[in-house]
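Read through the structure below, which is laid out as structure tokens, and then see the notes.
The values are calculated or read from the model by the stated rules, or taken from the named source; none is laboratory data. These numbers come from a predicted model, not from an experiment. Methodologically, a virtual Cβ is constructed for each residue, glycine included, from the backbone with ideal geometry; neighbour enumeration extends over all protein chains shown.
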Amino acid sequence: MTKPLKLAVVGHTNVGKTSLLRTLTRDVGFGEVSHRPSTTRHVEGARLSVDGEPLLDLYDTPGLEDAIALLDYLERLERPGERLDGPARLARFLEGSEARQRFEQEAKVLRQLQASDAGLYVIDAREPVLAKYRDELEVLASCGKPLLPVLNFVSSANHREPDWREALARLGLHALVRFDSVAPPEDGERRLYESLALLLENARPQLERLIADQQAQRLARQHSAARLIAELLIDCAACRRSVASNAEQEQHAISELRKAVRQREQRCVEALLKLYAFRPQDAAASDLPLLDGRWGDDLFNPETLKQLGVRVGSGIAAGAAAGAGVDLLVGGLTLGAAALAGAIAGGALQTARSYGSRLLGKIKGQRELTVDDSVLRLLALRQRQLLQALNTRGHAAMDSIQVATPQDKTWREGKLPEALNKARAYPQWSSLNPHPKLNQAERQEQIDALAQQL
Amino acid sequence: MTELNNLWLTETIRLREEHAGPLDDLEANRLARTAGGDLPSRIQRRALWLAERDGLTNALTHWLQGARLALLVLAALAVVSGAGLAFAALGDGQVPVNVFWALGSLLGLNLILLLSWTLGLVFAGEHGATLGRLWLWLSEKFARDAKAAQLAPALLLLLQRHKLNRWAIGVLVNSVWLLAMLSALAILLTLMATRRYGFVWETTLLSADTFVAMTQALGALPALLGFNVPTVEMIRASGDAALNIESARQAWATWLVGVLVVYGVFPRLLLALFCLWRWKTGRAALRLDLNLPGYAQLRERLMPTSERLGISDAAPDQLHRIESGVSELHSNGALLVAIELDDQRPWPPYLPKTVGNAGILDSRESRHKLLEQLSRFPPARLLIACDPRRSPDRGSLALIAELARNASATRVWLLQAPPGEALDAARLGDWHTALQQLELPFADCAPMNWLETGHD
């Protein structure tokens with residue numbers, strides 16, 4: 001078993017050190033994050049493991065706040081006629097009494113950095129390069145440990161990355177990583193660990209293992225998410241309500257169906273949040289598109305459909321405009337499709353059974369409610385947008401992410417995937433219907449096929 | 001417990017949790033974590049522990065016992081029906097045996113079902129799906145309690161995912177038929193060894209040549225294995241009446257046995273072996289599908305990729321306090337100084353002649369220079385301009401306090417945001433709190449009047 005690599009996350013106060021740790025560990029509850037300076041006043045560790053083997057220990061440290069005065073003090077520690085190098089000077093400082101008084105916080109940081117293999121120096125890229133940051137770097141450099149500058153908040157509009165690059169180069173720090181802890185780029189962690197591997201050649205195998213594992217997990221998460229969305233879509237496509245053709249009962253059934261679909265969507269959202277290790281209240285705290293103003297619009301509201309560019313079919317538009325968007329298909333029309341799909345799938349018996357009862361319903365004057373195609377497209381769009389948002393959301397994010405409408409048109413118009421058309425003929429595939437048979441092999445096959453397409 | 005049974009139970013637990021909500025798994029998770037290993041083995045360990053606790057393991061054993069019993073019954077049925085086929089084909093020896101009727105009753109059903117099975121296998125595995133649905137339906141009917149209800153679907157899903165169910169069913173179907181054929185062969189040999197049968201063929205429509213050709217064609221393959229084929233004269237003669245000569249009886253009997261072995265026993269034997277091979281290799285490759293949401297969610301609980309190590313260097317009870325105060329020395333004049341402004345801001349603003357400009361403090365050297373100067377000539381009024389977009393850290397506050405200690409009266413000017421930008425309200429609030437603690441008055445516009453004259 002190799003010893004885990006120890007990294008100290010250091011930097012000025014309020015630059016997002018704890019945020020960086022939250023994002024790297026995918027732990028939304030790590031430490032405390034706030035706008036106040038000196039929020040973190042202790043050193044706290046977190047461990048990253050692969051297959052149960054610890055590979056990386058990250059230590060969150062208090063912010064450096066008074067580096068100018070500290071550097072001043074350090075220089076005065078040198079007695080006349082002696083010449084101390086950085087670590088020796090620090091050792092004298094840490095033994096002294098100021099390390100427990102005025103520079104107590106700074107001493108914590110330096111002790112931790114000395115005990116670590118390297119430091120991640122977090123920079124708020126929106127800040128100008130002030131003298132105090134240069135002094136900070138000088139103090140940190142005297143620990144004699146490699147430092148990797150990490151530019152945080154680079155996705156902000158007014159960042160000053162070029163200034164920082166130049167200033168760091170002047171200080172001899174040429175390797176640096178852009179990593180926005182709130183909106184990390186998809187390959188952000190890989191770049192960070194790769195840069196670290198350049199600084200710490202011995203730790204390369206460990207870091208490469210970590211990179212490979214994180215990539216594998218990212219893929220696994222995406223597959224799981226696609227499955228969750230596919231299940232939602234199959235559930236909704238196969239959902240069906242039988243209702244007597246009587247205006248009042250119809251309205252009631254429509255609102256019931258709508259409620260069921262929305263609850264089902266909410267379940268999917270919660271499952272996605274859980275999969276991506278976000279808290280359910282992260283969504284309730286209005287920072288997820290679904291519950292945001294724009295997204296909170298009525299799912300069945302035709303305006304929402306239009307806004308998202310979903311082309312509402314002309315025949316169905318009337319229903320959608322009426323605030324329903326739910327297709328009222330006369331039983332006879334779907335029977336043909338059901339029979340065809342059923343015959344293809346070899347489920348002739350099953351179809352014949354439902355055929356009978358639906359025919360009976362038709363004679364009794366009942367109509368069938370199913371979820372409209374556009375609603376399915378909208379559900380898919382919304383879930384995919386949520387998924388994209390989750391993929392690029394750091395675990396330090398506190399506020400909401402603006403999700404753009406996807407540019408590709410595949411879901412907005414054109415044919416629905418074959419799996420959904422098929423699902424329409426199998427009411428027992430929907431968990432929203434009574435007596436569902438969710439474990440049918442064909443259902444699982446269709447879910448797999450749909451998840452592939454997503 | 002075999003590897004397959006472990007996977008089966010794991011899948012059952014996953015289905016249970018998917019349908020009936022999560023189980024109380026604290027202890028199971030802890031045990032799985034301490035046992036170590038990779039993620040699939042931890043998931044399995046957890047599932048096995050839960051299965052044992054909830055009696056699923058017992059239910060599985062019952063299931064397997066039932067399956068074994070059913071298999072025995074099926075085998076017995078196969079033996080009996082195989083024997084029945086042979087009896088039906090040969091009859092009681094009173095009348096001569098019609099060879100083609102005998103062949104039809106021995107092989108006909110077998111070959112038709114073989115064809116349908118092969119077609120099912122080739123075309124989308126419908127066969128397996130139908131039998132699978134039957135299996136699900138049966139298990140629903142026979143499931144005595146809710147716990148065991150997911151056992152059958154779990155096996156089906158597990159095998160279905162790796163397309164293994166068709167091979168499992170193939171092994172079953174083909175070995176049962178093989179058994180039936182062997183039983184038929186045994187009875188056939190016994191009957192022919194102990195009874196005297198005459199063999200004929202009959203036709204109304206076809207010519208004798210057709211029968212000769214057919215007999216020889218069917219006998220060609222068995223002949224390669226050493227089975228006799230009746231000669232042309234024998235075949236022609238058997239068209240009229242059963243030949244009462246030993247060599248003809250033996251020739252027809254070995255021909256019949258040969259055809260049964262080659263077209264009845266061999267195909268089933270080969271298919272059973274093939275299916276068995278596919279099933280075994282497939283079973284060896286059977287793994288948990290970690291992409292399933294149910295398993296993906298277990299990862300953080302069983303093999304956390306990140307865990308907190310706790311606090312290693314505790315926070316102090318309180319941070320170092322910055323002392324504020326005013327200069328007691330004789331002071332004179334007014335001074336404006338700015339702290340840590342960036343170059344985007346025009347500085348200094350227009351100043352009356354009586355007000356001195358100390359520039360922008362940023363580096364250590366500029367701080368030292370100004371503090372030296374202030375301690376020698378303390379100003380009566382000092383205005384410190386700060387950019388509230390910076391964070392009010394202890395270093396800046398200490399500098400402000402030190403400057404204030406060198407003047408008789410000090411005020412802080414929190415600058416407005418540059419055009420097109422807005423101040424962060426939370427950060428501005430932090431500045432207000434910090435300055436209130438230093439007991440310094442602050443404002444968001446320059447108190448030039450006060451600076452110039454000392455009056456507001």
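For segment A:79-95, indicate whether the set of residues that are within 27 Å of B:HIS368 (Cα to Cα), within 14 Å of chain B (Cβ to nearest Cβ) and small (Gly, Ala, Ser) is non-empty. No; the residues of segment A:79-95 include none that is within 27 Å of B:HIS368 (Cα to Cα), within 14 Å of chain B (Cβ to nearest Cβ) and small (Gly, Ala, Ser).
B:TRP252 falls short on exactly one of the conditions (1) touching a strand residue (DSSP E or B) at 6+ places or on another chain (Cβ under 7 Å); (2) surrounded by 17 or more Cβ atoms within 10 Å (Cβ to Cβ); (3) not assigned by TED's automatic domain parsing to the domain that holds B:PHE227, and that condition is (3). Could you go through segment B:147-167 and let me know if any residue there is more than 14 Å from chain A (Cβ to nearest Cβ), surrounded by fewer than 20 Cβ atoms within 10 Å (Cβ to Cβ) and under 30 Å from B:LEU288 (Cα atoms). So far as segment B:147-167 goes, yes, one or more of its residues are more than 14 Å from chain A (Cβ to nearest Cβ), surrounded by fewer than 20 Cβ atoms within 10 Å (Cβ to Cβ) and under 30 Å from B:LEU288 (Cα atoms). Here A:ASP135 does not qualify as part of a loop (DSSP other than H, G, I, E, B), among the acidic types (Asp, Glu) and either at negative phi or away from every other protein chain (no Cβ under 14 Å) (or both). When residues in segment A:415-454 are screened for being under 27 Å from A:ALA220 (Cα atoms), modelled with pLDDT under 80 and among the aromatic types (Phe, Trp, Tyr), 0 of them pass.
Residues in segment B:290-342 that are of a type in the set (Asp, Glu) and at pLDDT below 80: B:ASP317, B:GLU323, B:GLU328. Sort out which residues of segment A:15-29 are within 7 Å of another protein chain (Cβ to nearest Cβ) and either of a type in the set (Val, Ile, Thr) or surrounded by 23 or more Cβ atoms within 10 Å (Cβ to Cβ) (or both), and write them in order of number. The answer is A:THR25, and nothing else. Cβ separations smaller than 8 Å between residues 6+ apart or across chains give the following pairs from segment A:270-291 residues that are among the basic types (Lys, Arg) to residues that are modelled with pLDDT of 75 or more: A:LYS274/A:PRO280; A:LYS274/B:GLN297; A:ARG279/A:VAL28; A:ARG279/A:GLY29; A:ARG279/A:LEU273. Of the helices (runs of 4 or more DSSP H) lying entirely inside segment B:261-376, those carrying at least 1 residues that are in contact with a Lys or Arg (Cβ under 6 Å, 6 or more places away or on another chain) are B:293-302.
Taking the listed residues B:ALA251, B:ALA296, the one that is within 29 Å of B:ALA83 (Cβ to Cβ) and touching a Ser or Thr at 6+ places or on another chain (Cβ under 9 Å) is B:ALA251, with no other qualifying.
Quick grid of which residues meet (1) within 11 Å of chain A (Cβ to nearest Cβ); (2) of a type in the set (Gly, Ala, Ser):
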residue: B:VAL262; (1), (2): no, no
residue: B:ARG278; (1), (2): no, no
residue: B:GLY282; (1), (2): no, yes
residue: B:LEU288; (1), (2): no, no
residue: B:LEU292; (1), (2): yes, no
residue: B:GLU300; (1), (2): yes, no
residue: B:SER306; (1), (2): yes, yes
residue: B:HIS320; (1), (2): yes, no
residue: B:SER324; (1), (2): no, yes
